[in-house]
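The values are calculated or read from the model by the stated rules, or taken from the named source; none is laboratory data. Predicted model, so just to flag it, every value in this text is computed and none were measured. Here the Cβ positions follow ideal geometry from the backbone for every residue, glycine too, while neighbour counts run over all protein chains shown. Accessible surface areas use protein heavy atoms only, side chains included; no ligands, DNA or RNA. Shrake-Rupley method; radii C 1.70, N 1.55, O 1.52, S 1.80 Å.
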Amino acid sequence: MADSSTQSIIIAARPDRVAAVIADFPRYPEWTEAVKNVEVVEEYEDGYASQVRFELDAGVLVDDYTLAYEYAEDLSRVQWHLVAPSRMQRTQNGSYDIEDNGDGTSTVTYTLEVELSVGMLGMFRRKAEKMIMDTALKQLKRRVETLDGAA
């Protein structure tokens, strides 16, 4: 059974800027260290990606998988799930919830639930999850704030 983890971070940008970076999948390899390649497999009529294939190389974790995405109408939530089991994952469900703080900043809450195909002791899995989530949120913050400062 998969455990769920949640972490949040404040980003100095409006929610629409945060959502734009999250939804710009082809650029992930530019700012997400572990993501080596991304391919948008399918899109919705509005141009947002509905299925995205990722090639991941995070040292001990190397995987190739496809996620299916859904978006809130106002883009305050982006959620996904694993389309089919991969070499390393049985399931993956996740979401970014983007809250407007009313002062030009946004709080982004990242929730992730992964069931690995390989066994891993609980304490090591939790440490890996924390590291993955910390890194993902910090890299998202850096990317959004760098782009927002240049806008």
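Points worth noting:
- Rounded to the nearest 10 square angstrom, R17 shows an accessible area of 60 square angstrom against a 1.4 Å probe.
- Ligands, DNA and RNA aside, L61 has an accessible area near 40 Å² when probed at 1.4 Å.
- Packing, as the average of other Cβ atoms within 10 Å across residues, places the peptides 6-13, 96-103 in the order 6-13, 96-103, highest first.
- Carbon/sulfur fraction of accessible area - the chain, other protein chains in place, 1.4 Å, %: 51 percent
- Each listed q (0.11, 0.18, 0.19 Å⁻¹) maps to a log10 I(q)/I(0) for the chain from the Debye sum over equal C-alpha point scatterers, namely -0.41, -1.15, -1.28.
- Across the protein chains, with a 1.4 Å probe defining accessible surface, the residues M133, M88 rank M88, M133 from largest area downward.
- Annotation: extensible slack from V118 through W31 equals 28.6 nm (criterion: 0.36 nm per residue apart, minus Cα-Cα distance).
- Relative contact order for the chain, counting Cα pairs under 8 Å that sit 6 or more residues apart, in percent: 28 percent
- Treating r as the C-beta distance of T107 and D57 and R0 as 25 Å, the FRET efficiency rounds to 0.25.
- Given a 1.4 Å probe and the protein chains as shown, R14 ends up with an accessible area of around 120 Å².
- Nitroxide proxy distance, nm - points 7 Å out along Cα→Cβ at Y48 and T146: 2.5 nm
- Spacing of the modelled spin labels on M131 and D64, each 7 Å from Cα toward Cβ, amounts to 2.5 nm.
- Extension gain from Q139 to T6, taking 0.36 nm per residue of separation minus the Cα-Cα distance: 46.3 nm
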